[in-house]
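S.K.: Provided herewith is a single structure, encoded as structure tokens, for subsequent inquiry.
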Number of protein chains: 2
Amino acid sequence: MAVSISKGTHRAAAGWIDCAPLGRLPETLELLATRAGAETGKPLYNAGDAADSWYRLLTGAACECVLTADGRRQIVNFLLPGDLFGFCARSRHEFSVEIIVDGTAFARYPRRQAEELASADAEVASAIRQRAFESISRLQARMVLLGRTNALEKVSAFLLEMAERPSVGIGDDLVLPMSRYEIADYLAMAVETVSRAITTLKAQGAITLANSRQVRITDRLALEHASAESRRRSSLAPTDASGRVSRTVKLYTSSFASQERATSVRHAG
Amino acid sequence: MAVSISKGTHRAAAGWIDCAPLGRLPETLELLATRAGAETGKPLYNAGDAADSWYRLLTGAACECVLTADGRRQIVNFLLPGDLFGFCARSRHEFSVEIIVDGTAFARYPRRQAEELASADAEVASAIRQRAFESISRLQARMVLLGRTNALEKVSAFLLEMAERPSVGIGDDLVLPMSRYEIADYLAMAVETVSRAITTLKAQGAITLANSRQVRITDRLALEHASAESRRRSSLAPTDASGRVSRTVKLYTSSFASQERATSVRHAG
DNA sequence: CGGTGAATTGAGGTACGTCAAATTGAGTGG
DNA sequence: CCACTCAATTTGACGTACCTCAATTCACCG
């Protein structure tokens, strides 16, 4: 299974795996890094731990997750080679990071030093800012997914998302580093539903499976339009969509606006 | 309806509404800003427009949203006074911003200048980075919400989230700037379900309504544990949760790890 | 007082979650 | 090499929470 990473337009720095769209981090930042490996199943850190480092995943896979009050795991992000993570607005992490595959390795950037470097080095600051903006974009895109979609759409979009990640998808051949359970926790569905969706996609000829982890996308259009049937209903009721476009709300608007205006004046005085 | 914003620990710069947790932006950045107002229902910008500015909402309310292929609107974020937005990793916006209430006003920061300033001024860079990290935290928190929760939980969490926003909630009294439709599009539910959930919360004594926009939280604990009943089932099956904790996956792991190692060697050579 | 859109309430269908069983497939020991 | 084990995945059956469609009530406004 020889794999070529060079399919993208981005050039890799020697010695660095370089999968993320925005390419390598500045040398000055990399000089801070220490390397570490971790084993499957072990958390790199837990929610509530001190957020004293940033990290970058080098090889393998991990996920950012929370354990909800009902004992379930919600995966908020898969971390793949090249991903920078561990950012935290507060002093303590809000999420845990769990290793998904053996042989996963990280670079660790001491937060204080990295932030000092970001203050001193505009290139570093810019790189980190770009990564953060990217994260925001990805998270927002995922939110759209989680929100308004049925099972088939979610799984289809998930596969397409993975196909965009150089470390998972080479062309239309994917090697998924995560289990069905992890996919389920990522998409907020039951494992069984994930499995059924995959079966359906297979039956539709959109994908083929070499084994449960190796997926080949055979019909991209089918994936992209996975839910054409389920969407048909809404085309019958376009009034619903337009009906949801916000209209002027006079009473509340004015009271809300004046409330804001009041505070504005208050501060100006 | 006099409203005091000064409840937080953050001090406001004269003339600026200052609700966001991280306080005001550096003066040097504010000097770039131009002000603009907009009317309800009009988009500030649309998905696909050139992302040539960052924005900060001053008064009123707006939302970041996408129109999905089936004609629905998915709201990925509510924008309230103090919020900085319009960040974009690419050159074009991926989301539209729609005004929700009349009298909404923005500060606009030309992107090129702001980025140049961020490169030159570490304080600006740090402030923006902090805001971005915060956005990431909020988005991740919302993802947890969108994922694993029933209708009652979603609406309860939404109300608690709004109660955290100084421009919406003063103590436990909320004035929601958005309609039920917008709440529905935010939580990815049907309006009817939102309405029913609110009715249920009212019946449970967790909230009272002065009118449909003015909500008083009368029992925070009830909101925080809104779903105690619906969660009970999972306590009966803790094995499920532990069963989902990832275990070693030897075959795929090794192939995946060696794949990564191969690319690593490749780049090092 | 009628008009209008927002919000609520009601009734019914369905996609997905849950529980349970069958199947696959890799690792292990004889 | 083959039986056995154990976990991952798939398949099946069934109940229910939510979505859809429809009707009603509510709040504001001319």
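S.K.: Running Debye on the stretch B:123-196 with equal point scatterers at the Cα sites and no solvent, what base-10 log of I(q)/I(0) appears at q = 0.17 Å⁻¹?
M.R.: Treating every Cα as an identical point scatterer, log10 I(q)/I(0) equals -0.73.
S.K.: Follow-up. Amide H of residue A:54: which non-local residues (sequence gap of 5 or more, or other chain) have their own amide H closer than 5 Å, using H built in the peptide plane?
M.R.: Close amide H contacts, sequence-distant or interchain: A:109, A:111.
S.K.: For a quick check: with amide H placed at 1.01 Å from N, whose amide H comes under 5 Å from residue B:59's, ignoring anything fewer than 5 positions away on the same chain?
M.R.: Under 5 Å from the amide H of residue B:59 lie the amide H atoms of B:105, each far enough along the sequence or on another chain.
S.K.: Sticking with this structure for a sec: Let me check I've understood the local charge: for residue B:209, count other residues with C-beta under 9 angstrom from its C-beta, Lys and Arg +1, Asp and Glu -1. What total comes out?
M.R.: Surrounding charge for residue B:209 is +3.
S.K.: While we're here: Can you work out D for the stretch A:27-147 in µm² s⁻¹ from Stokes-Einstein, where Rh is the Kirkwood radius over C-alpha pairs, the temperature is 37 °C and the viscosity is 0.692 mPa s?
M.R.: The calculation lands on 219 µm²/s.
S.K.: Sorted from largest to smallest, which semi-axis lengths in Å does the alpha carbon gyration tensor of the stretch B:151-230 give for its equivalent ellipsoid, taking the root of 5 times each eigenvalue?
M.R.: 16, 16, 11
S.K.: ³J(HN,Hα) across the stretch B:44-51 via Karplus (A = 6.51, B = -1.76, C = 1.60, θ = phi - 60°), whole Hz, x for Gly/Pro?
M.R.: 6, 8, 10, 4, x, 5, 4, 8
S.K.: Using only protein heavy atoms and a 1.4 angstrom probe, determine the accessible area buried between B and A, summed over both sides, in Å² to the nearest 100.
M.R.: 8600
S.K.: Work the Kirkwood hydrodynamic radius out for the stretch B:76-203: mean of 1/r over every pair of different alpha-carbon atoms, inverted, in Å.
M.R.: Mean inverse Cα-Cα distance, inverted, gives 16.7 Å.
S.K.: Follow-up question, since we're still on this one. Please give the net charge around residue B:52, taking every other residue with its beta carbon less than 14 angstrom from that of residue B:52, where Lys and Arg add +1 and Asp and Glu add -1. It would help to have the intermediate numbers written out before the result.
M.R.: Values: positive: B:90, B:92, B:108, B:111, B:112; negative: B:49, B:115, B:116.
Taking every other residue near residue B:52 into account, the sum is +2.
S.K.: Another question about this same structure. Which net charge results when you count Lys and Arg as +1 and Asp and Glu as -1 among the other residues whose beta-carbon is under 13 Å from that of residue A:113?
M.R.: Net charge in that neighbourhood comes out at -2.
S.K.: Once phi is turned into ³J(HN,Hα) by the Karplus curve 6.51 cos²θ - 1.76 cosθ + 1.60 with θ = phi - 60°, what whole-Hz value does each residue of the stretch B:115-129 show in order, with x for glycine and proline?
M.R.: Coupling constants for the stretch B:115-129: 5, 4, 5, 4, 6, 8, 10, 5, 5, 4, 4, 5, 4, 5, 4 Hz.
S.K.: So what are the ³J(HN,Hα) numbers for the stretch A:138-143, from phi and the Karplus equation (6.51, -1.76, 1.60; θ = phi - 60°), rounded to whole Hz, Gly and Pro as x?
M.R.: Once rounded to whole Hz, the list reads 5, 5, 5, 4, 5, 4.
S.K.: Which aspartates and glutamates does residue B:202 reach when only Cα atoms under 16 Å apart count, and residues fewer than 8 places away in its own chain are ignored?
M.R.: Once the sequence-local aspartates and glutamates are set aside, what remains near residue B:202 is B:153, B:172, B:173, B:192, B:219, B:224.
The values are calculated or read from the model by the stated rules, or taken from the named source; none is laboratory data. Predicted model only: the values in this text are computed from it and were never measured. Neighbour counts are summed over all protein chains in view; Cβ atoms, including those assigned to glycine, are modelled from backbone coordinates with ideal geometry. Side chains included, ligands, DNA and RNA excluded: accessible areas come from the protein's heavy atoms. Shrake-Rupley method; radii C 1.70, N 1.55, O 1.52, S 1.80 Å.
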